[in-house]
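What follows is a set of notes on a single structure, which appears directly below.
The values are calculated or read from the model by the stated rules, or taken from the named source; none is laboratory data. What you are looking at is a predicted structure, and each value in this text was computed from that prediction instead of being measured. Counting neighbours? That spans all protein chains shown, and the Cβs are built from the backbone with ideal geometry, glycine included. Each accessible area value is taken on the protein alone, full model and side chains, heavy atoms only, with ligands, DNA and RNA left out. Shrake-Rupley method; radii C 1.70, N 1.55, O 1.52, S 1.80 Å.
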Amino acid sequence: MHQMTLAEIARGLADKKFSSEELTKVLLARITQLDPQLNSFISLTEELALEQAKAADARRANGESGALLGAPIAHKDLFCTQGIRTSCGSKMLDNFKAPYDATVVAKLAAAGAVTLGKTNMDEFAMGSANESSWYGAVKNPWNLEHVPGGSSGGSAAAVAARLLPAATATDTGGSIRQPAAFTNLTGLKPTYGRVSRWGMIAYASSLDQGGPLARTAEDCAILLQGMAGFDQNDSTSIDEPVPDYSASLGDSLQGLRIGVPKEYFSAGLDPRIAELIQNSIKELQKLGAVIKEISLPNMQHAIPAYYVIAPAEASSNLSRFDGVRFGHRCEQPKDLIDLYKRSRGEGFGPEVQRRIMVGAYALSAGYYDAYYLKAQKIRRLVKNDFMAAFNEVDIILGPTTPNPAWKLGAKNSDPVAAYLEDVYTITANLAGLPGLSMPAGFVDGLPVGVQLLAPYFQEGRLLNVAHQYQLHTDWHTRTPQGF
């Protein structure tokens with residue numbers, strides 16, 4: 001049962017081969033048995049899951065149908081869930097139980113999805129390895145000595161280990177696509193504004209976007225269908241009709257123009273990954289796609305721009321965690337300043353503190369123009385590069401990451417080395433574009449992903465290309481040993 005995809009589960013439930021309650025019990029037992037070696041969950045919600053599963057079975061018995069009705073999923077632990085701990089992977093929110101559901105949680109619950117729990121993550125979504133969580137590092141099921149990628153590493157590890165078929169995740173600079181690449185999954189970051197951010201605890205508000213993590217493009221289409229849509233509670237949500245993402249999966253790729261940026265194949269890219277990307281290009285050419293070399297000249301400036309903008313927004317967003325209203329509060333403060341200092345010093349981990357300090361510095365009166373304003377100008381140049389490229393091509397293809405997953409702790413002493421791993425993913429966040437990572441092969445037994453980028457609101461095009469690719473390759477069907 002645990003090997004089934006979301007699409008297979010939907011068909012099995014529709015054909016009454018098993019009930020949602022039976023499936024939920026199997027997966028909860030599997031999580032209890034196997035997750036201690038992965039640490040992919042922060043909270044398990046057994047009572048809620050069984051309650052939702054019984055309700056889904058009753059709805060099906062009454063004639064209702066739907067791809068998500070009775071389907072088990074988990075939420076990254078920054079989506080508020082009413083009455084359940086929403087920790088953001090931080091000591092700061094270890095005792096916080098959200099008084100309401102995030103829009104994404106509410107929409108998926110209304111569609112009948114069953115919430116098995118909340119998944120581990122880098123603290124406040126800050127990291128590329130899932131090692132900064134207050135609850136400990138998550139392990140990669142493909143090799144337990146390696147990282148699963150971050151910040152959505154808990155969701156990625158749980159899905160890759162077949163603990164559940166799909167999970168929600170968020171992407172601020174690659175945090176859906178990079179863990180997908182590291183764990184042999186398909187992960188989609190939608191267009192900025194396509195999925196509501198209401199009830200999603202913010203890291204960098206102009207970059208954060210929720211999306212699906214699953215084994216196949218078909219499953220991502222099903223989950224995105226339930227997540228996407230306009231939300232009047234979110235001022236950055238865009239009122240754009242949501243297409244039927246599953247309907248276009250079977251479209252032909254004949255004549256599809258794929259752009260391959262020459263900047264992607266620089267000295268920083270592992271040559272073995274470059275070879276796998278070229279193999280993916282050849283596979284898509286066989287399916288009728290036309291390949292064209294393009295240029296994204298401002299890509300080299302993206303990392304420094306991102307690591308000014310994101311920490312600046314983080315320092316502003318995280319100022320609310322002060323030990324007064326909610327979250328961690330220090331013991332017996334001497335005065336208000338002591339309360340602020342010790343509550344924040346005890347509640348936030350080193351990576352979060354580092355980014356708050358960088359962000360506060362970049363926004364300070366003497367440096368705002370020199371850093372933050374300049375970074376926003378570079379952001380516009382990055383967007384202009386993409387707009388020019390999409391006049392010539394339909395999608396852009398390249399590696400998701402320059403290297404495969406590294407060993408746990410290998411980059412802890414050099415945060416900048418970890419930041420550089422985001423080189424191919426952050427440009428989509430800066431420009432607000434949709435991006436997808438799909439399995440493309442293995443290097444030293446560790447998975448590698450290929451990234452696809454598309455114009456605004458063309459998630460369906462990305463899912464179509466990935467689905468057609470997956471019909472003709474079997475990378476996405478490989479399972480980590482022992483799971």
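Does residue 231 satisfy the criteria of being acidic (Asp, Glu) and in a loop (DSSP other than H, G, I, E, B)?
Working: acidic (Asp, Glu): yes; in a loop (DSSP other than H, G, I, E, B): yes.
Here the answer is yes, as residue 231 does meet what is asked.
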* Asked: Got at least one residue in the range 31-39 being surrounded by fewer than 16 Cβ atoms within 10 Å (Cβ to Cβ) and of a type in the set (Asp, Glu)?
  -> no
* Structure fact -> Checked pairs for the range 172-188, first on the phi > 0 side of the Ramachandran plot, second aromatic (Phe, Trp, Tyr), C-beta under 9 Å and 6 or more apart or across chains, list as 174/424; 184/142; 184/442; 184/475
* Asked: Looking at residue 417, is it over 25 Å from residue 284 (Cβ atoms), surrounded by fewer than 21 Cβ atoms within 10 Å (Cβ to Cβ) and of a type in the set (Gly, Ala, Ser)?
  -> yes
* **Extreme residue, modelled with the lowest pLDDT, among residues of the range 1-30 that are within 29 Å of residue 83 (Cα to Cα) and open to solvent by 40 Å² or more (accessible area, probe 1.4 Å)** => 2
* Structure fact -> Of the listed residues (435, 460), the one being under 13 Å from residue 181 (Cβ atoms) and either among the charged types (D, E, K, R) or open to solvent by less than 50 Å² (accessible area, probe 1.4 Å) (or both) is 435
* To do: Among the residues of the range 9-34, count how many are closer than 20 Å to residue 65 by Cα, assigned to a helix (DSSP H, G or I) and in contact (Cβ under 8 Å) with a residue 40 or more places away in the chain.
  => 7
* Neighbours by Cβ (under 6 Å, 6+ apart or cross-chain): first from the range 120-138, free of Cβ contacts under 8 Å to residues at least 24 places away in the same chain; second of a type in the set (A, V, I, L, M) -> none
* To do: Of the conditions (1) assigned to a loop (DSSP other than H, G, I, E, B); (2) small (Gly, Ala, Ser); (3) touching a strand residue (DSSP E or B) at 6+ places or on another chain (Cβ under 8 Å), residue 157 clears all except one; give me its number.
  => (1)
* Using the structure shown, decide if residue 48 is of a type outside the set (Asp, Glu), within 20 Å of residue 214 (Cα to Cα) and either open to solvent by less than 20 Å² (accessible area, probe 1.4 Å) or part of a helix (DSSP H, G or I) (or both). => no
* If we scan the range 166-175, do we find a residue that is of a type in the set (Asp, Glu), farther than 16 Å from residue 459 by Cα and either open to solvent by less than 10 Å² (accessible area, probe 1.4 Å) or touching an Asp or Glu at 6+ places or on another chain (Cβ under 9 Å) (or both)? -> no
* Structure fact -> residue 339: passes all of (1) open to solvent by less than 20 Å² (accessible area, probe 1.4 Å); (2) in a loop (DSSP other than H, G, I, E, B) but (2)
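Among the residues that make up the range 240-251, is at least one of them in contact with a His (Cβ under 8 Å, 6 or more places away or on another chain) and either surrounded by fewer than 18 Cβ atoms within 10 Å (Cβ to Cβ) or among the basic types (Lys, Arg) (or both)?
Looking through the range 240-251, at least one residue is in contact with a His (Cβ under 8 Å, 6 or more places away or on another chain) and either surrounded by fewer than 18 Cβ atoms within 10 Å (Cβ to Cβ) or among the basic types (Lys, Arg) (or both).
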* residue 112 being surrounded by fewer than 16 Cβ atoms within 10 Å (Cβ to Cβ) and assigned to a loop (DSSP other than H, G, I, E, B) -> no
